[in-house]
Structures are given as structure tokens and as C-alpha cells.
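Reviewing the structure listed below.
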Amino acid sequence: MGNWTMAQAITDAMRNELNKNEDVLVFGEDVGNNGGVFRVTEGLQKEFGEDRVFDTPLAESGIGGLAIGLALTGHRPVMEIQFFGFVFEVFDSVAGQMSRWRFRSGNTQTMPITVRSPFGGGVKTPEMHADSLEGLMAQTPGLKVVIPSNPYDAKGLLISAIRDNDPVVFLEHMKLYRSFRQDVPEEEYTIELGKADIKREGKDITIIAYGAMVQASMKAAEELAEAGFEAEVIDLMTVSPFDVETVIASVEKTNRAIVVQEAQKQAGIASQIVAEITERAILSLEAPVLRVTSPDTVYPFAAVEDAWLPNPAIIVEKAKEVINF
Amino acid sequence: MRGLVDKLSTKTIAQVEEQFETFQILNEEGEVVNESAMPDLSDEQLQELMRRMVYTRIWDQRAISLNRQGRLGFYAPTAGQEASQLGSHFALDKEDWILPGYRDIPQIVFHGLPLHQAFLWSRGHFGGSQFEEGLNIVVPQIIIGAQIVQTAGVALGLKRKKKDNIAITYTGDGGASQGDFYEGMNFAGAYNAPAVFIVQNNRFAISVPVEKQSAAKTIAQKAVAAGIEGIQVDGMDVLAVYKATQDARKRALAGEGPTLIETLTYRYGAHTMAGDDPTRYRTSDEDDEWAKKDPLIRFRKFLEGKKLWSEDKENEVVEQAKEEIKQAIKDADRTPKQNVTDLLGFMFENPPVNIREQLEEYTAKESK
Ligand SMILES: Cc1ncc(C[n+]2csc(CCOP(=O)(O)OP(=O)(O)O)c2C)c(N)n1
């Protein structure tokens, strides 16, 4: 058992898979000797050699194409996009190519690729680093999109992602990398992709969240408890396709829901969740399902980030609005 | 100071361009003009090369007509480019990987893709891309440039798996303007991976002439920036294309790095059969000029000079091609229709909940 940060848990997941399977390769910009700009691949090149863990030239589309070609020749690429804001340079490889390869080849060729990338606000990065672009990925059939909220989940989910025979976009919230530690087993374990986790049980309202917003929602749930309301907090973990069964079962129990995401209101995952709830459980609802999101501006410059991002106070406010509807 | 810098850079570009003179073996009369470069091919191999070019020309004519009758789908004509396509392919090993563009169907058919599957692909049926195990090709690429970065990956993968094989990819002169073109060559060069990049310069990207693609005088010289070998070849000369590709392949396997080959060629027909009208962007004089360079005429003259080809032989190939094409269309027609259930089944190995639900819905609908 290690008392690890999420960054360490992610490193450990990659180490585990590099050990387990010769065909697993880790590559990207600065992931080798430097161990990645967040040190998430720290030590892996030393341990597994430059043949397995290597730096690429500075070209994201090249990295995506490399992953596809390596997958075609029997490898299991774990490619890093240094910051997810740079996904636009490799959008074709991810959303246009690997996502549809199984379908295009009539189920004869597969793309067992994991696309790892840091994202997320609140850490005052320069422009085009922090944006929550998971919605763009979630709108792409053929991709799975995974966003862990803590070290334990991150390890189990990443191992599953690397073993999956379809492409998985694995997004790591920068603020969660080192903000807290958790006990993580040193042995390997997996967490099934496509399943959500109930992080807190409650009967009065369902709060659906993912990534850093799980932490914020847990804080909000504590505050709500002080006010006498028991909130159920669901961590989606796989945000696309998401675990609609767990969400609906919870809403049918609590009859009320809010969806919390860091992404702007018009982006992200929340709209899809609201739509599914409306289609499947409208008669269980005592109030409209509301969203807690960032406003529909471009991602702001660093100095105004904190005012722009959702926080526990806003979640509490929205939850009360729904409860008192 | 500025004057000096300008002069220096001009000189450097001129020097680079000088290195990229067109490589040729057979001239337009079918005469050998470069004896020392003659590839070592047996009489049978020479005849096989001719057979493939004639076959492909007939297939192109049939495909155009089938398309007009509504019996094929998407089709990009290939007449004029036979030497470039089949000469380069002839230099490959059966296990080499091909990453084709939409026009590079002849290469993958001669690599082993059954003709009826090529027709299915043209119709947009997934049966066309269900490749037999061991047939090392990928689905023809529509996104220009995507195949080039992927080639770097396949080449590195082959090197890692210690295979004695290369990855070859094709694009056009327009494709050489893509960022992915540079990224792919650069990656393959940086990893010293066994890749061969072929740019078939048929002078037009749909309607835009190559002169408007780039200020570079040749596409071959773009290899310089990636630090890899580059060569410009007469793309109407099947022996020159074969020899250049064979050399590139050997170098790649010897660990001497990737090569960019620019083949100077011409497409006689439309860009695709989806309404393109070449008379809008090129003159009949230009067409006539290039018709004189025809790779089939040139190679036929060469072979006839060696008593390796005759009208009878050619007619035999034409008849065989027509027969096989007829049969392939029949086979394609017999292939069961695809339905939405099939597609849903091809999204993931383990369908997640949304796919499972939709599968159920469409299975019920489509099994009626
Ligand atoms: C990324 C991308 N941009 C644009 C197109 C549309 N398009 C299809 S073919 C073509 C011209 C390609 O010309 P070239 O690379 O010279 O190849 P050729 O068709 O002449 O063989 C264009 C612009 C495309 N398929 N992909």
C-alpha cells in the first residue's frame, strides 16, 4: 500500500503495464529523461529503456499518427498530449482516425491506444492549457473518455484503459495531480470502464460530477448535510459513454439532480446527462435538473480563473434551488 | 547585411534544386537512356509489369463506365499513373505495409486485395475493408496527409518487431502541402524507420496546379528539411519508378533511413467521378503533351524491341481483365447488404451501455 498522489498512482499504472506487456509503449514530448512536465512518467525510461519509453519530435499530429501505426503493428501505445489544449493539432488522429478504425476496417483492425493528457483549471496555466475539451471527445463515437477524480481510481482506470482494445482518452486534472494523497494498493487492480461510482450516498438530491468537480461536490454535500439535506454524489469516472444505469437509479431514488462540470455550459458532458435523465426518468423528477458549469466564454486568463470556475458554494446554492423548487 | 543574407539563401536553394534532376531510364520512345541504372528484372517480370499496367488501364475504363451506370460508388481514375503506382508496388515484398490514398487502389489489389472487395469499398460497403489476415494494408485514406504520419508509426513498429519489411505510403502533389506530410517524414527520419513516401505529382490537386502549391521547384527537395533521401523520378517510366523504389526499400532495410520519391505523372481523367470536369482547369494541349509520355506506349515499345510483347499478348490481357472485372462485380453484387446492427457491432470490442441499447433496438427492427 502506498500513500500516493494521483500523479504517482498514474505512473504506477503505466509501470505495471510496461512490466506486464512488452507491446506497451509510452511516448510523447518530454516524457523520457525529463519524466514529463508533471513528472508523471518519472523514472519509466530509466526502468524500461528508450525503446519502450521515449521522447517524440514536437508535433502532436505526428504523435497521433505514430500511435496508430504502432497499434497496426501489434503495439499498445500510451501516447501523451502534453496539455489537452493542444488536442486540436492531433484532432484528426484522435477523433477522425483511431475512433473509427474498427468500424472502417469492418472489425478487422483495432486501435488499442490510450491517449493520456493533463487538463483542467485552477492552476493558472497559460492560455490553451486548462480548457475542458472532453465534450469534443465525448461527441465522437468510438472513443471512450475517462476522467478520474482520485489516486485510487486513476490507477485502476488507467490499467483498464491500457488493456482496452479500443481507443481511450484518459484525462488527468492538473489540480488533482498533487493536491492530496490516498492509500493505493501496490498490486495491480482494474476498475471497469463505463461504470460510475457512488462516492457518497444520500436520499434528497443526486449530484453528478467528474474530475475535480467530484471534490467540490463532496464539499458541497457536507455543507448540505449541515443544512439537513443528504446529497448522493456520483462520480462518473468514464464520462463517455457514461453509466446511465447508475445515474437513473439514483435519480429515481432522490427525485432531484444537478450535474456539475468545469466545462462551459455549452460544452462538456452535462447536457447529455440531463437529456438522458429527461428521457428516462422524467416522471421521477420533482424539479428540473440544473447544471452547474462555467459560463460560456472562452477559457479565461489566469487572474480571473477562480471567479470563473464552479465551486462548492455555487453547487450548494444550485442544489438548494432544486430542493426548494 | 540584408543583401548578403538574401544572396546566401538564394544560392542555397539553387544548390538544393540542382540535386533533384529527374531520374529516367526509358525515354518516350521506349529507348534506354540510362543503361547503368537498368534494374535486374527477368523477362517474365518485365512482362508481368506490362500485364499489370494494361490490366489496370482496362479496369480504369470499366470502373468509369460502371460508375456512370450507377454500379460503383466513389471512384478516382488512375489512367496515366500506372507506371507510378504499379512500378513502385512491384518493388515491394508481399509482407510490406501499404498505406494508400483514395487513388491507390491498384497497388492494394496487386498486393492481394480481391477485386470484388475493391468494388465493395468503392460502394461504401465495409466488406471492402475486411482484409484477410496477413494482408498488410489499411483502408484507403480520405483525409489527405493522415496516412503519412501513420506510415511513420507502422515503419517504427516494423523496426521494433524486427521485421524485414517497410511501410510505403502514397499521396499527391497537393498532399505534399499538408503539415502531416512534414510530420510523417520528420518522425520517420528521426526514428530512422523503414518508410518510403511516394508523392505522385500528377500536376493537379483537384483543380489547383502544382505551381500554386508551393514555391519549391520540386517536391523531392522537401526531403532535405527532414534529413532524409529524396529523389524525383519520371513517373511515366515504369522502370525508373521501380528502380527508385527498390533502392529506397533496400536503404530503408539497411538502416539507412526513409526516402521521399516524387513521381512526375499525369492523370488523364477527372479527379474523381463525382462531377469533376478537368477542362475547367487544364487545356487539351497539356493533355496531348502528356499523352505522348504514356507509360504503356513507352514500355510496350521497349518490350516489343526485346520481342517480349505483341498485340496478341495485349489482347489476351484485355480479355482477361474484362472477364475478371465482370466476375468481381457479380461477387460484389452478391454480398449481403450491410445494416445498422452491423455498424453498431463494430464500434467497440465490448459495447458500452448506449451501444448495447441501440443494438437491441436495431436488431429488433432489422430482423423483421
Ligand atoms: C485534409 C483534406 N483536405 C481536403 C480534402 C479534399 N480533397 C480531396 S482530394 C483533394 C486534392 C488532392 O490532390 P493531390 O494530393 O494532388 O492528389 P491527387 O488527387 O491529385 O491524386 C482535395 C483537396 C481531403 N480529402 N482531405
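Here, each number is a calculation from the coordinates, and none is a lab measurement. What you see is a predicted model; the values in this text were computed from it and never measured. Please note: Cβ atoms are built from the backbone with ideal geometry, for glycine as well, and neighbour counts cover all protein chains shown.
May I ask for the net charge around B:Val33, where only other residues with Cβ less than 15 Å from the Cβ of B:Val33 are counted and Lys, Arg are +1 while Asp, Glu are -1? All intermediate terms of the calculation are to be shown ahead of the outcome.
Working: positive: B:Lys243, B:Lys293, B:Arg298, B:Lys301; negative: B:Glu21, B:Glu28, B:Glu29, B:Glu31, B:Glu35, B:Asp234, B:Asp237.
Counting the neighbours of B:Val33, the net charge comes to -3.
With just the Cα atoms of the stretch A:246-322, tell me how far they stretch along each of the three principal axes, in Å, largest first.
On the principal axes, the stretch A:246-322 reaches 43, 22, 18 Å in Cα extent.
For q = 0.05, 0.06, 0.10 Å⁻¹, what log10 I(q)/I(0) does the protein assembly as shown give under the Debye formula with an equal point scatterer on each alpha carbon and no solvent?
So the normalised log intensities work out to -0.29, -0.41, -0.98.
Semi-axes, largest first, in whole Å: what does sqrt of 5 times each Cα gyration tensor eigenvalue give for chain A? Could you put the intermediate results ahead of the total?
Values: eigenvalues 222, 83, 71 Å².
Those come to 33, 20, 19 Å.
The stretch A:219-261: percent of C-alpha pairs farther apart than 15 Å?
On the way: 434 of 903 pairs.
Value for the stretch A:219-261: 48 percent of Cα pairs lie more than 15 Å apart.
Non-local amide H neighbours of A:Arg200 (under 5 Å, H modeled in plane, Pro and chain starts lacking H): which ones?
For A:Arg200, whose amide H was placed from the backbone, the distant partners under 5 Å are A:Val233.
Tell me, A:Phe180, A:Phe27, B:Phe187 in order of fewest to most beta-carbon neighbours within 10 Å?
If I rank by nearby Cβ atoms, fewest first, I get A:Phe180, A:Phe27, B:Phe187.
Going by C-beta contacts inside 10 Å, put B:Asp60, B:Asp288 in order with the fewest on the left.
On the way: B:Asp60 23, B:Asp288 9.
Fewest to most other Cβ atoms nearby, the residues stand as B:Asp288, B:Asp60.
I'd like the FRET efficiency for A:Glu201 and B:Gln69, computed as 1/(1 + (r/R0)^6) with the beta carbon distance as r and R0 of 56 Å, rounded to 0.05. Don't skip to the answer; put the middle values down first.
Values: r = 66 Å, r/R0 = 1.17.
The calculated FRET efficiency here is 0.30.
Can you tell me the 0 to 90 degree angle between the C-alpha axis of helix A:151-163 and the longest principal axis of chain A, rounded to 10?
With both axes taken from Cα atoms, the answer is about 50 degrees.
State whether the stretch A:1-130 is rounded, prolate or oblate according to the following rule on the C-alpha gyration tensor (a ≥ b ≥ c being the square roots of its eigenvalues): a/c under 1.5 gives rounded; otherwise a/b larger than b/c gives prolate, and the remaining case gives oblate. Can you show the working numbers first?
Working: a/c = 1.78, a/b = 1.19, b/c = 1.50.
Since a/c reaches 1.5 but b/c is at least a/b, the shape of the stretch A:1-130 is classed as oblate.
Where does the protein assembly as shown land at 222 nm, in deg cm²/dmol rounded to the nearest 500, when only DSSP H runs of n ≥ 4 count, each adding -39500 (n - 2.57), divided by all residues?
Numbers: 25 runs with 287 residues, N = 693.
Estimated from H runs of four or more residues: -12500 deg cm²/dmol.
Tell me the Kirkwood hydrodynamic radius of the stretch B:116-223 in angstroms, computed as one over the mean inverse distance between distinct C-alpha pairs. Intermediate results must be reported in sequence, preceding the final value.
Details: mean 1/r = 0.0661 Å⁻¹.
Taking every pair of different Cα atoms in the stretch B:116-223, averaging 1/r and inverting gives 15.1 Å.
Set the Förster distance to 45 Å, then compute FRET efficiency between A:Lys20 and A:Val298 from the Cβ-Cβ distance, nearest 0.05. Could the numbers behind the result be given before it?
On the way: r = 42 Å, r/R0 = 0.93.
Given R0 = 45 Å and the Cβ-Cβ separation, E is 0.60.
I'd like the orientation of helix A:6-20 relative to chain A: the angle between its Cα long axis and the longest Cα principal axis, in ° from 0 to 90, rounded to 10.
Compared with the principal axis, the helix lies near 40 degrees.
In nm, to one decimal, how far is the A:Leu58 label point from the B:Lys161 one, both placed 7 Å along Cα→Cβ?
3.3
Would you kindly state how much longer the chain becomes between A:Met1 and A:Glu252 on full extension, computed as 0.36 nm times their sequence separation minus their alpha carbon distance, in nm to one decimal? If you can, show how the numbers build up before the last one.
Numbers: separation 251, 0.36 × 251 = 90.36 nm, distance 3.73 nm.
Gain on stretching A:Met1 to A:Glu252: 86.6 nm.
Write down the Å³ per residue value for the convex hull defined by the alpha carbon atoms of the stretch A:173-319. Walk me through the intermediate numbers first.
Working: hull volume 18.3 nm³, N = 147.
About 125 Å³ per residue, rounded to a whole number.
Taking each residue of A:68-80 in turn, how many C-beta atoms of other protein chains fall within 10 Å of its C-beta, and what is the average?
Values: counts 11, 21, 10, 4, 11, 14, 4, 5, 0, 2, 0, 0, 0.
Mean number of neighbouring Cβ atoms from other chains: 6.
Taking amide H atoms as placed 1.01 Å from N in the peptide plane, list the residues 5 or more away in sequence, or in a different chain, whose amide H sits under 5 Å from that of B:Gly73.
Under 5 Å from the amide H of B:Gly73: B:Arg123.
To the nearest whole percent, what portion of all C-alpha pairs in the stretch B:180-304 is separated by more than 22 angstrom?
Details: 3462 of 7750 pairs.
Looking at the stretch B:180-304, the distances longer than 22 Å represent 45 percent of pairs.
I need the phi-derived Karplus couplings for the stretch A:137-147: 6.51 cos²θ - 1.76 cosθ + 1.60, θ = phi - 60°, integer Hz, Gly and Pro marked x.
With the stated coefficients, the stretch A:137-147 comes to 6, 5, 7, 9, x, x, 10, 9, 10, 10, 9 Hz.
Would you mind estimating how fast the stretch A:1-67 diffuses translationally, via Stokes-Einstein at 25 °C and 0.890 mPa s with the Kirkwood radius over Cα pairs, in µm²/s? Before the final figure, lay out the partial values.
Details: Rh = 12.2 Å.
The Stokes-Einstein estimate is 201 µm²/s.
Which FRET efficiency, nearest 0.05, do A:Glu188 and B:Asp333 yield, Cβ-Cβ r, R0 41 Å?
In this case the efficiency is close to 0.20.
So which chymotrypsin sites (Phe, Trp or Tyr not before Pro) in the stretch A:238-310 pass both tests, a DSSP loop state and at most 13 other Cβ atoms within 10 Å of the Cβ?
Details: sites: A:Phe242, A:Phe301, A:Trp308; in loops: A:Phe242, A:Phe301.
In loop regions of the stretch A:238-310 (DSSP not H, G, I, E or B), the sparsely surrounded chymotrypsin sites (Phe, Trp or Tyr not before Pro) are A:Phe301.
Between B:Thr283 and B:Glu314, 0.36 nm times their residue separation minus their Cα-Cα distance comes to what?
Full extension of this stretch gives 8.1 nm more.
Please list, in order along the stretch B:69-75, the HN-Hα scalar couplings obtained from phi with the Karplus expression 6.51 cos²θ - 1.76 cosθ + 1.60 (θ = phi - 60°), rounded to whole Hz, x for Gly and Pro.
So the Karplus estimates, Gly and Pro as x, are 7, x, 9, 10, x, 4, 8 Hz.
Within a 10 angstrom radius of the beta carbon, how do B:Arg249, B:Arg71 rank from fewest other beta carbons to most? Provide the component values of the computation, followed by the final result.
Numbers: B:Arg249 21, B:Arg71 15.
In order of increasing Cβ crowding within 10 Å: B:Arg71, B:Arg249.
Which trypsin sites (Lys or Arg not before Pro) does the stretch B:292-350 hold that lie in a coil by DSSP with at most 12 other beta carbons within 10 Å?
Values: sites: B:Lys292, B:Lys293, B:Arg298, B:Arg300, B:Lys301, B:Lys306, B:Lys307, B:Lys313, B:Lys322, B:Lys326, B:Lys330, B:Arg334, B:Lys337; in loops: B:Lys292, B:Lys293, B:Lys306, B:Lys307, B:Lys337.
Within the stretch B:292-350, the qualifying trypsin sites (Lys or Arg not before Pro) (loop, at most 12 other Cβ atoms within 10 Å) are B:Lys292, B:Lys306, B:Lys307, B:Lys337.
Taking 0.36 nm per intervening residue step and subtracting the Cα-Cα distance, what contour gain separates A:Glu245 from A:Lys46 on full extension?
Values: separation 199, 0.36 × 199 = 71.64 nm, distance 4.34 nm.
Stretched out fully, the A:Glu245 to A:Lys46 stretch lengthens by 67.3 nm.
Go ahead and collect, in residue order, the members of the stretch B:181-213 whose backbone nitrogen is under 14 Å from a label point 7 Å along the Cα-Cβ direction of B:Ile13.
B:212-213
For chain B, report the % of Cα-Cα distances exceeding 33 Å. Please list the in-between numbers first.
Working: 22264 of 67528 pairs.
In whole percent, the share of Cα-Cα pairs in chain B beyond 33 Å is 33.
Taking amide hydrogens as modeled 1.01 Å from N in the peptide plane, which residues meet the under 5 Å criterion relative to B:Glu229, leaving out close sequence neighbours?
When sequence neighbours closer than 5 places are left aside, the close amide H contacts are B:Leu260.
From the phi angles alone, apply the Karplus equation (6.51, -1.76, 1.60; θ = phi - 60°) to the stretch A:197-202 and give each ³J(HN,Hα) in whole Hz, x where the residue is Gly or Pro.
After applying 6.51 cos²θ - 1.76 cosθ + 1.60, I find 10, 7, 7, 7, 8, x Hz.
So what's the stretch A:87-165 giving for Cα Rg divided by 2.2 N^0.38 Å, two decimals? Please list the in-between numbers first.
Values: Rg = 14.0 Å, N = 79, 2.2 N^0.38 = 11.6 Å.
Normalised Rg, Cα atoms only: 1.21.
Could you tell me how many degrees, from 0 to 90 and to the nearest 10, lie between the Cα long axis of helix A:212-226 and the main elongation axis, the longest principal axis, of the Cα atoms of chain A?
20
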